[in-house]
Amino acid sequence: MKHALTTTIITLLAGALVGDCDAQVPVEVLEDGGFEAGAVEWVPVGPVTLDPESLVVHEGCCAMRVGNRTSSWNGVGQFVTDRLVPGRSYAVSGWVRLGSGGPDEVTIKYRKIDESGTDWILLGQGTARSDEWREFLGAFTYRPVGEVESLRFYVQGPAAGVDLLVDSMSVTELDPGWRPAADARIEALRTRPVTVELTDADGCRLADVPLSVVQERNAFGFGTAINRNHMDNPLYTAFVAEHFQWAVMENAVKWRQNQATPGPTDYSDADAMAAFCLANDLRLRGHCVWWANQLRVPDWVQPLVGIELREAMEQRAASVVPRYEGVFEHWDVNNEMITNRFFADRLGPGVRAEMFQQVRSLDPGVKLFVNDFSILTSNRQTAMLQQVADLEAGGAEVDGIGAQGHFPEAPEGEVVLRRLDHLARAGRPIWITEFDCPVVDESARADALETVFRSAFSHPAVEGILLWGFWAGALNNGPDAALVSLDWSLTESGVRFLELMDEWSTEAAGATDPDGRFGFRGYHGRYRLEAELPGGLATGWFEVPVGSEALVLEVSLEAVPGSGPCTGCAQDLDGDGAVSGADLAALLAGWGQPGASDLDGSGTTDGADLANLLAAWGGVCD
């Protein structure tokens, strides 16, 4: 029930707050994507037959059956050479089914022949089945080089000898004007109206007190990967502590690093990094319990099979998961499973769900993630959605989706948003776990960072984004991905990052009103309040939790001594010392409005305020 509720909430939010990126009904690029006219607009890819299918269809009268397939690349396509606009972005969808046999991989692609040569671009990837239709999704920006000789959209797969059924294919242009709507969603999703009721140690409200509120931490997960090799550099650690709320260790809790031989484990690096993070109020992701890539498995584990492999896996989990219980809030359970199958090939596909179950049994409170590459940077969203569904069908609980985010070039915001929309169909929180964009041009790199961060921050399913490092001296993808240069000066990306952090944090100043209240609209997160009192500055802290409704909270300055019983009462609107008909009349006069008659500070005088006043009826306010 927990995940069913999560799915419903995220799906509803995504539909209500994001919707389609297109402001108008999108124009269809393909001709007869539903195959209602048979193969008239379509061409064979390889030596295949194209036969209209009327018995097994997704919608309409017909689908297309691709038969006599002799290779996995055989399929059906359509030439769209003159229909796409260079520099514009497009959404892709289509429904696929197999004619027989077990599940097998299917891809949607386009083949482009231009002045740079021939390229095959992935537009959608996943597994098709013979017992149901499955939707394949993607989004892309069309970037040809020079004159285009040929551009063919097509569907290919599965293995030779298996018929491929295709229906309801679509390619539509996305609206490039994504940013105004994104900024509006940020305001709606990430901020809320707040009323602070300032009180002294006796709980009495402090009226007419000058104060300021400054946000210290954002509730959204802005973070970075950290590398043990640089944790002794005070410039490195100071930057991490000052500018991030979350961290993930690049390598320090990977199996290959913790247990290079079948002997004792070594967590000294990880322990030191965890201690640093806890001391500096940094929340932690765990990356990763296992890694499905054979090259990332310890050498001594690679020859193991059967019970010996299972025992090694169980010992690994039992060693690392309880050690960091309460320290790591997330675990990437079995990293990069879409392409890699080390454990599944040796123990069967069901072992993947078992791995999630084991981690859950060892740490019931940690959130369990899938994590993979080419999800946002390419078009493997369908494969990820299917992976989550398969894991849960096997009895696993999947709490979140990790999409790594190594962008080889600056993306367009409308494409990032559409791919996030696709992932959000799983109804799970999304984290961009490893963002970088290693391009030489600093301005393009800064624009890429802003595009991805603004898109992600505006999406209701996204809860965090972590850089895969920030300093030019400690980056897997080289110094062209850096926020900070080798000499510790900021790159354009670094400046842009700090500008975004300033834009998405709140500072406000003013004074409490006669009822001891101060209102502002702020981003979710932790705040420090400083009040100017006759005896000097007094400090308090409060949390603005995630939500959109008006929030009223009391901030008690415990260090400010009270002066006995509180004088006056908020319900005495006319100040005559009693709650009576005159006060009721004053409240009704302010109905629907803010102000003194808004007794609960919700922003509007309403029935709750009326009930508040009536509860104090006849009382004396000294």
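Heavy-atom accessible area for GLU549, with the other protein chains in place and a 1.4 Å probe, reaches approximately 110 Å². Between GLU492 and CYS566, full extension at 0.36 nm per residue minus the direct alpha carbon distance yields a gain of 21.2 nm. If only the Cβ of Lys and Arg carry +1 and only the Cβ of Asp and Glu carry -1, the dipole of the chain around its Cα centre is close to 2140 debye. The mean sequence distance of close C-alpha pairs (under 8 Å, at least 6 residues apart), as a share of the length of the stretch 451-551, puts its relative contact order at 12 percent. Helix 234-243 and the long axis of the chain differ in direction by around 80°, with both axes built from C-alpha atoms.
The residue list GLY99, ALA184, GLY126 was ranked by how far each Cα lies along the charge dipole of the chain toward its positive end, using unit charges on Cβ atoms, and GLY99 comes out on top.
Across HIS287, HIS58, the residue with the most accessible area heads the list, and the full order at a 1.4 Å probe is HIS58, HIS287. Heavy atoms of the protein chains alone define the surface here; on that basis the chain has 41 Å² accessible area per residue at 1.4 Å probe size. Shown here for the stretch 100-205: GluC sites (Glu not before Pro) in loop regions (DSSP other than H, G, I, E, B) with at most 13 other Cβ atoms within 10 Å, namely GLU115, GLU132, GLU147. For GLU434, neighbours were defined as the other residues whose beta-carbon sits under 14 Å from its Cβ, and their charges (Lys and Arg +1, Asp and Glu -1) total -3.
At a 1.4 Å probe, what is the % contribution of carbon and sulfur to the accessible area of the chain?
Values: 13120 of 25310 Å².
The value for the chain is 52 percent carbon and sulfur by accessible area.
Think of the stretch 458-593 as a dipole: +1 on every Lys or Arg Cβ, -1 on every Asp or Glu Cβ, centred on the Cα centre; then among SER493, TRP468, TYR527, TRP468 lies furthest on the positive end.
Rounded to the nearest Å, what's the spacing between the alpha carbon centres of the stretch 497-532 and the stretch 121-174? Just the number, please. After rounding, the separation between the Cα centres reads 49 Å. Evaluate the relative contact order of the stretch 502-622 (contact order divided by residue number), counting alpha-carbon pairs under 8 angstrom at least 6 apart; express in whole percent. Rounded, it is 18 percent for the stretch 502-622.
How tilted is helix 381-393 with respect to the longest principal axis of the chain? Cα atoms for both, answer in degrees (0 to 90, nearest 10). Relative to the chain, helix 381-393 is tipped by roughly 80 degrees. Prolate is the label for the chain, because the ratio a/c of its alpha-carbon gyration tensor axes (a ≥ b ≥ c) is 1.5 or higher and a/b is greater than b/c.
If the chain between ALA615 and ARG256 were fully stretched, how many nm would it gain, using 0.36 nm times the residue separation less the Cα-Cα distance?
Working: separation 359, 0.36 × 359 = 129.24 nm, distance 6.57 nm.
Difference between extended and current length: 122.7 nm.
Any idea what angle helix 413-424 forms with the longest principal axis of the chain, computed on alpha-carbon atoms, 0 to 90 degrees, nearest 10? It is inclined by approximately 90 degrees.
When the residues SER168, SER361 are ordered by accessible surface, computed with a 1.4 Å probe over the protein chains alone, the sequence from largest down reads SER361, SER168.
Overall, the stretch 428-580 carries a charge dipole of about 360 debye about its Cα centre when +1 sits on the Cβ of Lys and Arg and -1 on the Cβ of Asp and Glu, all other atoms neutral. Between the listed residues ASN334, LEU417, ALA448, the Cα displaced farthest toward the positive end of the dipole of the stretch 300-450, a dipole computed from Cβ unit charges relative to the Cα centre, is found at ASN334.
Remark: relative contact order (the chain) = 17 percent; criterion is Cα-Cα distance under 8 angstrom and separation of 6 or more residues.
The values are calculated or read from the model by the stated rules, or taken from the named source; none is laboratory data. On a predicted model such as this, the values are computed, not experimentally measured, just so you know. Cβ sites come from the backbone with ideal geometry, for glycine too, and all protein chains shown count toward neighbours. These accessible areas exclude ligands, DNA and RNA; they are computed on the full protein's heavy atoms, side chains included. Shrake-Rupley method; radii C 1.70, N 1.55, O 1.52, S 1.80 Å.
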